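Down below is the structure, laid out as structure tokens.
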Amino acid sequence: MDFPPFEHLLYYERVHGARLNISYSNIREFHLDGFGRSLPRDLDLNWTYRNGTPEIRRLIARRHRASSQEVLVTTGATEGNFLVNTSLVHPRDRVLVDVPIYSPLRDVPRGVGANVVEIPRDCQDGWRLDLDRWRKSAGRKARLLVFANLNNPTSTALSRSDIRELADIVEECDGHVLVDETFRELAFDDTPPSVAEFGPRMIALSTVTKVGGLGTLRVGWIVGAPDLLDRFAGIKDYTTGGGSVLSQTIATWALGRWDFFLRRAKRILDVNRKLAAEALREMPDLQGDVPSRGTVLFPHSTVDVARLASRLLKRYGTVIAEGRFFGVPDHFRLGLGGETQDLKRGLANLRRLLRSAF
């Protein structure tokens with residue numbers, strides 16, 4: 001195995017001390033005291049569950065219209081992605097990856113030796129998915145087709161008909177579809193279905209991190225056919241074994257009141273979406289609409305993005321995520337889920353820089 005550097009993560013490590021980061025994809029952090037409850041005094045801190053506690057698996061299954069037997073709790077969606085690829089993908093296998101996309105979804109199959117074929121979307125056509133191209137590229141030998149729904153960084157959605165056709169494609173090539181559904185429910189009233197509903201070749205990943213602002217829990221999951229989960233769990237035995245019961249207890253609290261977290265996210269996003277749309281109208285160098293769903297947008301820049309990001313950081317202590325992390329270097333990612341005043345200041349800095357002769 002030879003994994004490419006996780007450049008996006010390493011970049012965030014380097015700029016962690018910056019005053020403003022307006023590129024994060026999560027909803028604003030939630031604090032422990034917001035639950036209004038205490039951890040059980042008799043919580044067993046020695047025992048853990050290989051596949052996740054029964055209660056958290058039940059609550060996760062409800063979100064995907066699946067059964068508890070179709071849920072494997074992981075240490076974040078990142079571990080889930082790793083388990084799926086190391087179990088299903090072998091050296092020289094053909095893996096098709098949607099572009100733009102969050103880089104671990106593209107680079108983990110590369111790390112296990114796959115022949116990764118990137119299939120770019122057309123930003124001039126609203127990031128439309130070209131299913132004919134996917135079918136032709138899959139042929140009879142694609143091992144895995146990889147997506148995020150909602151897409152990260154564009155917030156575009158796979159529709160029910162898209163998912164149904166992808167299920168047909170992998171049936172023909174004897175492969176699987178892997179979809180990171182971390183942002184799926186942030187489409188709110190227009191939430192697409194989970195791919196877990198479309199048959200045993202479909203695999204969903206998700207986490208409490210983004211919707212809940214609960215990243216430090218590191219609680220994610222895979223939803224898929226039980227025979228696949230057995231394979232994934234066999235590898236997990238050698239990575240993290242059983243996950244933290246402490247984290248899963250708090251994540252269970254969150255999933256038990258998930259509608260509250262969705263309402264909280266919508267309140268934050270409604271305000272910030274309007275703010276971002278107004279700000280972008282004043283920046284003609286940036287092209288692209290603010291999406292009506294999700295936590296991120298991915299504008300095209302008519303100025304060099306690497307230079308823009310560097311100057312924005314140096315002059316104003318403000319961070320954007322360059323499009324090169326996602327496979328499209330003339331765009332960059334902005335996040336809508338943070339503090340409104342931080343986003344307002346960050347966008348003002350971006351506008352000020354674009355207006356200058358930088």
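Read the figures in this text as sums done on the coordinates, not as results from a lab. Small disclaimer: the values here were computed from a predicted structure and weren't measured. FYI the Cβ positions are ideal-geometry reconstructions off the backbone, even for glycines, and counts take in every protein chain you see.
The distance from the alpha carbon centre of the range 111-179 to that of the range 1-55 is 28 Å, rounded to a whole number. Amide H to amide H, with H built 1.01 Å from N, Tyr102 comes under 5 Å of Asn152, counting only residues 5 or more places away or on other chains. Other residues with beta-carbon under 11 Å from the beta-carbon of Ser301 carry, at +1 per Lys or Arg and -1 per Asp or Glu, a net charge of -3.
Pairs of alpha-carbon atoms within less than 8 angstrom and 6+ residues apart define the contacts here; what relative contact order does the chain have, in percent? Reported as a whole number, the value is 25 percent.
Proximity of backbone amide H atoms, modeled 1.01 Å from N, is registered between Ile22 and Val319 at under 5 Å, excluding neighbours fewer than 5 places apart on the same chain. Here the spin labels are modelled as points 7 Å beyond Cα on the Cα-Cβ line, and at Leu32 and Ser292 they lie 4.1 nm apart.
Report the antiparallel proportion of the DSSP beta bridges in the range 103-215 as a percent, rounded to a multiple of 5.
Antiparallel bridges: around 10 percent, rounded to the nearest 5.
Derived scalar couplings between HN and Hα for the range 68-82 equal 4, 5, 9, 10, 10, 7, 10, 7, x, 5, 4, 5, x, 4, 5 Hz in order, rounded to whole Hz, by the Karplus curve 6.51 cos²θ - 1.76 cosθ + 1.60 (θ = phi - 60°), x for Gly and Pro. Couplings for the range 235-250, taken from phi via the Karplus curve 6.51 cos²θ - 1.76 cosθ + 1.60 with θ = phi - 60°, read 7, 4, 3, 9, 9, 10, x, x, x, 5, 5, 4, 5, 5, 5, 5 Hz in order; Gly and Pro are left as x.
Near Glu181: Cβ cut-off under 11 Å, other residues only, Lys/Arg at +1 and Asp/Glu at -1. The net charge is +1. Our coupling estimate for the range 89-101, obtained by passing each phi through the Karplus curve with A = 6.51, B = -1.76, C = 1.60 and θ = phi - 60°, is 9, 10, x, 6, 5, 8, 10, 9, 10, 5, 9, x, 7 Hz, Gly and Pro reported as x.
Rg of the Cα atoms in the chain, relative to 2.2 N^0.38 Å, amounts to 0.98.
Each DSSP beta bridge with both residues in the chain is either parallel or antiparallel, and the antiparallel ones are about 45%. Loop-resident trypsin sites (Lys or Arg not before Pro) (DSSP state other than H, G, I, E or B) in the range 74-158 with no more than 13 further Cβ atoms inside 10 Å of their Cβ: Arg92, Arg140, Lys141.
Taking the number of Cβ atoms within 10 Å of each Cβ as an exposure proxy, the fewest-first ranking of Asp342, Asp227, Asp42 is Asp42, Asp227, Asp342.
When you restrict to C-alpha pairs under 8 Å that are six or more residues apart and normalise by the size of the range 4-137, the relative contact order lands at 18 percent. Cross-link pairs exceeding 31 Å between alpha carbons, from the set Lys141/Lys236; Lys236/Lys344; Lys236/Lys266: Lys236/Lys344; Lys236/Lys266.
Working ranking of peptides 277-287, 244-254 by packing, defined as the average number of other Cβ atoms within 10 Å per residue, highest first, is 244-254, 277-287.
Under 16 Å from a label point set 7 Å out along the Cα-to-Cβ vector of Arg160, the amide N atoms of the range 182-219 belong to 188-199.
Computed about the Cα centre, the dipole magnitude for the chain is approximately 920 debye when only Lys and Arg (+1) and Asp and Glu (-1) carry charge, each at its Cβ. Taking label points 7 Å from Cα along the Cα-to-Cβ direction, Ile235 and Arg257 give a separation of 3.6 nm. Which stretch or stretches of the range 198-222 have amide N atoms under 16 Å from the point lying 7 Å from Lys266's Cα along the Cα→Cβ direction? Counting only backbone N, you get 211-212.
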